[in-house]
Amino acid sequence: MTEAENTKPELPENVRVRFCPSPTGIPHVGMVRTALFNWAEARHTKGTFVFRIEDTDAQRDSEESYNQIIEALNWLGIDWDEGINVGGPDGPYRQSERGDIYKDVAAKLLEAGYAYESFSTPEEIEARNVAAGRPKAFGYDGYDRNLTEEQKAAFRAEGRKPALRIRMPDEDIAFDDLIRGRIEFKAGSVPDYVIVRPNGDPLYTLTNPVDDAMMNINVVLRGEDLLSSTPRQIVLYRYLIELGVAKEMPLFGHMPYVMGQGNKKLSKRDPESNLFLHRDNGFIREGLLNYLALLGWSIAADRDVFSMEEMIEKFDVRDVKANPARFDIDKAISINAEHIRMLEPQDFLNRAVPYLNRDGVVSADSWDALTDREREVLSASVDLVQSRVRLLGEVAGMVGSLLSTEGYIEPDDDAKKQLKDSAPAVLDAAIAALSAVDEADWKTDFLHETLNKALIEDGGYKPRLAFGPVRVAMSGRRVSPPLFESMEIVGKEIAVARLQGLREHL
């Protein structure tokens with residue numbers, strides 16, 4: 001295979017792209033990036049986005065995975081125009097329901113001589129390679145191309161059943177990739193390949209191009225790992241056009257690998273690849289999609305944060321870079337934090353509540369089902385918290401102490417380490433000062449003034465030593481919402497009780 005830079009092809013007038021995952025595991029970021037780029041191209045060009053499922057591998061496919069893929073797309077807001085649960089003119093949209101279509105096309109390919117019966121076993125192919133001085137794993141050698149009817153009958157008499165192979169032409173195969181430019185495969189570099197197993201099951205090498213052809217897909221955007229199979233698809237498309245199954249050759253664009261730690265390709269088994277793990281940790285759809293869009297594409301050289309509406313306006317698959325893109329979880333979290341800050345406060349609270357319920361901080365998983373006090377505390381704290389969290393999973397740690405009615409909160413280990421020898425005296429002074437504050441004056445600014453005078457001006461403590469023990473008493477954490485605002489939210493009775501509680505445990 002060789003690549004050469006040149007002008008990338010123009011897109012067709014009416015773009016039709018597709019997303020066609022196999023339901024073989026939990027949705028991963030590479031899969032979602034593929035869906036996102038196809039979706040963005042369709043929306044940018046006002047084309048059509050088709051969603052189908054490639055589920056002909058009965059041993060690996062699962063209904064659970066199928067449902068998870070749909071759940072993932074719905075959560076992310078990636079919608080489709082034709083396909084699963086939507087319908088359209090070219091259904092059914094699950095390959096497991098299209099078996100008769102593949103049998104019919106395979107029979108036409110065989111009858112026209114574009115495909116042929118192959119009786120060779122893998123062991124026989126390897127043995128012939130060794131005998132000819134080739135590497136054992138060299139691949140198929142074309143042995144069955146010109147079998148006579150007598151030879152085929154003899155194999156059948158042995159009980160053998162043939163696979164079907166596509167007859168590859170003895171010529172170079174070249175195409176203009178939408179992302180990589182001109183790509184050429186030399187003659188003989190791609191052997192005749194199997195499209196139907198001896199048991200009659202169709203393979204991806206047949207089902208995928210046939211579905212694309214019959215659904216009139218004219219732009220195929222897929223991962224770089226499938227690039228080596230493209231000459232096979234091009235040859236099969238030529239045959240399908242000759243047979244009247246396909247109308248035209250689609251354009252191909254191969255998106256770059258997504259790399260993980262150590263510059264290795266991000267595996268489906270890597271935790272960073274697990275889409276639902278990111279959701280569980282508190283990524284919001286806007287932040288995650290924004291980051292995934294950066295894995296091979298950019299909206300501008302000096303800009304990383306943008307909305308999906310802005311992506312749709314600017315996206316052109318021909319601007320995608322061919323170089324591998326590395327998944328950087330820290331950058332992903334940083335971008336997610338930016339999108340969290342852009343949410344309307346009530347939207348932020350609505351999205352945070354299920355995480356708070358999961359973590360045992362509130363009584364229900366929806367805003368309307370919360371108690372009056374829970375809604376009151378969360379509304380009062382939203383401005384303090386929204387600007388400080390990066391993931392929705394962090395909200396519970398920030399507001400848990402505000403929602404709690406406990407008079408003593410056991411400090412985290414890292415919070416305890418910040419308490420110095422002066423902590424007992426600091427707490428005694430704070431308790432005395434705050435106990436004298438009237439309920440009517442229990443406001444952020446007055447509390448700040450009161451403790452500042454008692455601990456810094458009169459007590460002579462430095463701010464870190466003065467307010468550190470008070471913060472630990474209020475939240476039990478080293479990092480918490482702003483101290484004086486938190487004290488106003490929880491009220492005098494609980495605030496003083498927490499100071500007394502920590503003092504008693506020192």
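The values are calculated or read from the model by the stated rules, or taken from the named source; none is laboratory data. Source: prediction; values computed, not measured. Quick reminder, even Gly has a Cβ in these numbers, built from the backbone with ideal geometry, and neighbours come from all protein chains shown. These accessible areas exclude ligands, DNA and RNA; they are computed on the full protein's heavy atoms, side chains included. Shrake-Rupley method; radii C 1.70, N 1.55, O 1.52, S 1.80 Å.
Structure notes:
- Averaged per residue, region 379-420 has 47 square angstrom of accessible surface, using a 1.4 angstrom probe with ligands and nucleic acids left out.
- For region 357-483, the mean projected area of the C-alpha convex hull, equal to one quarter of the hull surface, is 8.6 nm².
- Here the peptides 323-335, 403-415, 345-357, 435-447 are ranked by packing, the mean other Cβ count within 10 Å, and the order with the highest first is 345-357, 323-335, 403-415, 435-447.
- Label sites at ASP368 and ASP330, each approximated as a point 7 angstrom past Cα along Cα to Cβ, lie 4.3 nm apart.
- Kirkwood Rh (inverse of mean 1/r, distinct Cα pairs), region 264-400, angstrom: 16.3
- Average accessible area per residue (Å²) across region 239-371 - probe 1.4 Å, nucleic acids and ligands excluded: 48
- Region 218-267: GluC sites (Glu not before Pro) falling in loop per DSSP and having at most 13 other Cβ within 10 Å: GLU248
- Kirkwood hydrodynamic radius of region 36-90, Cα pairs, Å: 12.4
- Using the Cβ-Cβ distance between ALA58 and ARG464 with R0 set to 56 Å, the FRET efficiency works out to roughly 0.30.
- The charge dipole of region 456-506, taken about its Cα centre with unit charges on the Cβ of Lys, Arg, Asp and Glu (plus for the first two, minus for the last two), comes to roughly 300 debye.
- Eligible lysines near LYS161 by straight Cα distance, threshold 26 Å, same-chain separation 8 or greater: LYS103, LYS108, LYS136, LYS152
- Here, P(r) means the percent of Cα pairs in each 5 Å bin from 0 to the largest distance; for region 324-370 it is 5, 20, 18, 15, 18, 11, 7, 3, 1, 0.
- Extension reserve of the VAL479-LYS136 stretch, reckoned as 0.36 nm per residue once the Cα distance is removed: 117.3 nm
- Extension gain, GLU504 back to ARG303 (0.36 nm per residue minus Cα-Cα distance, nm): 67.2 nm
- The order of ARG390, ARG498, ARG167 by accessible area, most exposed first and with a 1.4 Å probe, is ARG390, ARG167, ARG498.
- Label-point separation, GLN418 to ALA436 (7 Å along Cα→Cβ), nm: 2.7
- Percentage of interatomic Cα-Cα distances in region 210-295 larger than 14 Å: 73
- Spatially close lysines, pair count over region 396-506: Cα under 22 Å, gap of eight or more or interchain: 8
- GLU13-GLU313 FRET efficiency (beta carbon distance; Förster radius 22 Å; 0.05 resolution): 0.70
- Accessible surface of the chain [probe 1.4 Å, protein heavy atoms]: carbon and sulfur percent: 47
- Each Cα pair under 8 Å and six or more residues apart adds its sequence gap; the mean of these over the residue count of the chain is a relative contact order of 13 percent.
- Here the Kirkwood formula puts the hydrodynamic radius of the chain at 27.3 Å, using every distinct Cα pair.
- Among the GluC sites (Glu not before Pro) in region 94-178, those located in a DSSP loop and surrounded by at most 15 other Cβ atoms within 10 Å of their own Cβ are GLU158, GLU171.
- Helical runs (DSSP H, four residues minimum) scored at -39500 (n - 2.57) apiece and divided by the length of the chain put the mean residue ellipticity at 222 nm at -13500 deg cm²/dmol.
- Taking every alpha-carbon pair in region 58-161 and binning the separations at 10 Å intervals from zero gives 11, 24, 25, 20, 17, 3 percent.
- Unit charges on C-beta of K, R, D, E only; dipole of region 167-260, Debye: 80
- Per DSSP, loop trypsin sites (Lys or Arg not before Pro) in region 22-53 with at most 15 further Cβ within 10 Å: LYS46
- Subtracting the Cα-Cα distance of GLU344 and ASP90 from 0.36 nm times their residue separation leaves 87.3 nm of extension gain.
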